[in-house]
Structures are given as structure tokens and as C-alpha cells.
Amino acid sequence: MKLRDAAKRVFLIEIIKGLALTLKMMFTPPVTRRYPKEKRAPFPGFRGRHAFVRDEKTGREKCVACLKCAVVCPSQCITISYREQENGARILETYAIEAPRCIFCGYCAEVCPVCALVLTETYEYAAYSRASLYFDREQLLRNWDEFASQLNTAAYFNKFWRLPGIALGKLPVGKRLQKPVPVRRPIPNSGEISER
Ligand code: SF4
Ligand code: SF4
């Protein structure tokens with residue numbers, strides 16, 4: 001045994017070092033959070049629960065049943081049905097996202113030409129049954145209402161509406177013109193904003 005190792009054993013150097021570290025950590029603030037009491041704000045661009053943006057004018061979703069989101073979805077977890085009018089316009093009949101199969105790539109929100117679909121920052125939606133994570137169009141609207149009611153601002157702008165690295169002129173018209181969505185209705189003649 002070397003002299004240095006012997007000295008370490010005699011003077012219990014390693015134990016003293018360990019105790020010193022314990023003492024130091026007792027006065028160091030914890031790096032963990034007391035979730036769910038302490039909630040962390042999601043980072044910009046976080047992709048959470050899906051929602052249909054509620055159109056302020058109609059009170060309904062803006063989806064035009066173009067099927068782009070269903071085609072681009074790598075998990076094939078979006079199903080849509082529609083009927084066609086005589087003038088060729090499509091009327092959305094059913095829309096569903098099977099969230100447990102979603103990989104949150106964000107392609108559906110990126111590709112949507114009318115900015116109807118968003119991935120919100122809501123991350124607390126664990127459920128006891130898979131069925132409650134199949135979002136139909138009504139549930140998607142409710143998801144939006146819930147998300148919008150928790151926002152601190154009166155408007156919401158989704159980062160996927162303006163894709164980085166793509167010239168504005170190359171975006172579909174719906175995306176080019178897209179402005180932040182008001183998430184609370186203005187009260188007429190009062191200048192105030194109402195909660196939903
Ligand atoms: S985020 Fe990706 S996987 Fe999920 S529904 Fe949209 S396109 Fe499909
Ligand atoms: S891409 Fe947008 S408009 Fe087209 S079907 Fe999907 S949600 Fe509807």
C-alpha cells in the first residue's frame with residue numbers, strides 16, 4: 001500500500017469528503033420541481049394536445065376538408081370524411097385524431113393551408129382510457145377553448161403558421177395572411193375582452 005493511500009485510510013479522507021458534499025447539497029437549491037404543484041412553462045414551439053382553432057366569425061372550426069393533414073401524417077392517425085357540394089366545395093362531416101398514435105411531428109399543423117389545426121401547449125391530458133384520447137371535431141374545439149382560456153394574452157400565434165426558412169411568397173395564401181388569433185371575444189362597444 002502506498003503512503004498516500006495509507007494516509008487516506010487513517011485520516012478517513014474519503015468519508016470526510018463525502019460528508020462535506022452532503023453538507024454542501026443541504027444548502028443547494030433543488031434542481032427538481034414539485035410537480036404538479038410547480039408547473040414549468042412549456043418552451044417556445046412545444047407541441048402538445050391537438051386543437052381546432054375556433055373561428056371568431058362562425059364559432060366553428062376553419063377546416064375545409066382538404067385532407068392534407070391526413071395525407072402527410074406519418075402515423076396515419078387522422079381520419080376525415082366530407083361531402084362535396086355541387087360547386088365542388090367540401091363540407092367536413094367527421095374529423096378525428098387518434099392521439100395515442102401521434103408522434104407530435106407537427107406536420108399536420110404545418111401543412112394546413114387555412115391554419116385550422118394547431119398543436120397547443122397543453123401537456124396535461126393523461127387519461128385512463130384510450131377512447132378519451134380520440135379527439136373528434138367537437139373535442140378538438142373544446143381543446144382549443146381550454147387552451148385559449150389558459151393563455152395570458154388575448155391572442156395566439158402558432159409558430160407553424162409561418163414556417164422558418166420558407167419565403168413568405170411561397171406559403172399558401174391562408175398561411176401568408178394569417179395573423180394572431182384572438183382567443184377572447186371583444187365585448188361590443190366596451191373595449192373590454194370577455195373570457196369564453
Ligand atoms: S403531429 Fe404528426 S403524427 Fe401527430 S397527428 Fe400531426 S402529423 Fe400526425
Ligand atoms: S389540413 Fe387543415 S383544412 Fe385540410 S383537412 Fe386538415 S385540418 Fe382541415
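Name the single residue, out of those in the stretch 94-117 being part of a helix (DSSP H, G or I) and surrounded by fewer than 16 Cβ atoms within 10 Å (Cβ to Cβ), that is nearest to ligand 1 (Cβ to nearest atom). Please lay out each step first, then the result.
Just the residues of the stretch 94-117 that are part of a helix (DSSP H, G or I), to begin with: 99-101, 107-111.
Okay, now just the ones that are also surrounded by fewer than 16 Cβ atoms within 10 Å (Cβ to Cβ), so 100-101.
Numbers: PRO100: 10, ARG101: 7 Å.
The extreme case among them is ARG101.
What do you reckon, is GLU56 in contact (Cβ under 8 Å) with a residue 24 or more places away in the chain, in a loop (DSSP other than H, G, I, E, B) and out of contact with any His (no Cβ under 8 Å at 6 or more places or on another chain)?
Details: in contact (Cβ under 8 Å) with a residue 24 or more places away in the chain: yes; in a loop (DSSP other than H, G, I, E, B): yes; out of contact with any His (no Cβ under 8 Å at 6 or more places or on another chain): yes.
So GLU56 fits the description; yes.
Of everything in the stretch 24-64 that's out of contact with any Asp or Glu (no Cβ under 6 Å at 6 or more places or on another chain) and within 16 Å of ligand 1 (Cβ to nearest atom), which residue is modelled with the lowest pLDDT?
First pass over the stretch 24-64, keeping only residues out of contact with any Asp or Glu (no Cβ under 6 Å at 6 or more places or on another chain): 24-41, 43-45, 47, 49-51, 53-61, 63-64.
Then drop every residue that is not within 16 Å of ligand 1 (Cβ to nearest atom), which leaves 45, 47, 49-51, 53, 61, 63.
Working: GLY45: 82, ARG47: 93, ARG49: 97, HIS50: 97, ALA51: 97, VAL53: 95, GLU61: 95, CYS63: 96.
Restricting to residues being out of contact with any Asp or Glu (no Cβ under 6 Å at 6 or more places or on another chain) and within 16 Å of ligand 1 (Cβ to nearest atom), the top hit is GLY45.
Tell me whether the stretch 79-93 contains one or more residues that are under 19 Å from the mean Cα position of the chain (by Cα), surrounded by 12 or more Cβ atoms within 10 Å (Cβ to Cβ) and not in a loop (DSSP other than H, G, I, E, B). No, the conditions are met nowhere in the stretch 79-93.
Across the stretch 63-77, the number of residues qualifying as among the β-branched types (Val, Ile, Thr) and either more than 7 Å from ligand 2 (Cβ to nearest atom) or surrounded by fewer than 16 Cβ atoms within 10 Å (Cβ to Cβ) (or both) comes to 2. The number of residues in the stretch 123-141 being touching a helix residue (DSSP H, G or I) at 6+ places or on another chain (Cβ under 6 Å) and either among the basic types (Lys, Arg) or more than 14 Å from ligand 1 (Cβ to nearest atom) (or both) comes to 2. Pairs meeting the criteria (first residue in the stretch 93-114 and within 20 Å of GLY174 (Cβ to Cβ) and of a type in the set (Lys, Arg), second residue in a loop (DSSP other than H, G, I, E, B) and more than 10 Å from ligand 1 (Cβ to nearest atom), beta carbons under 9 Å, at least 6 apart or on different chains) are lacking.
Tell me, please, whether a residue that is within 11 Å of ligand 2 (Cβ to nearest atom), closer than 28 Å to PRO164 by Cβ and part of a loop (DSSP other than H, G, I, E, B) can be found in the stretch 124-145.
Looking through the stretch 124-145, none of the residues is within 11 Å of ligand 2 (Cβ to nearest atom), closer than 28 Å to PRO164 by Cβ and part of a loop (DSSP other than H, G, I, E, B).
Check whether at least one residue in the stretch 79-93 is of a type in the set (Val, Ile, Thr), within 16 Å of LEU119 (Cα to Cα) and near ligand 2 (Cβ under 10 Å from one of its atoms), and report yes or no. It would help to see each step written out before you state the result.
Applying the first criterion (of a type in the set (Val, Ile, Thr)) to the stretch 79-93 yields 79-80, 91.
Remaining after also requiring within 16 Å of LEU119 (Cα to Cα): none.
So far as the stretch 79-93 goes, no, none of its residues is of a type in the set (Val, Ile, Thr), within 16 Å of LEU119 (Cα to Cα) and near ligand 2 (Cβ under 10 Å from one of its atoms).
The values are calculated or read from the model by the stated rules, or taken from the named source; none is laboratory data. What you see is a predicted model, and the numbers here were worked out from it, not measured in a lab. Using ideal geometry, Cβ is built from the backbone for each residue, glycine included, and neighbour counts are taken over all protein chains shown.
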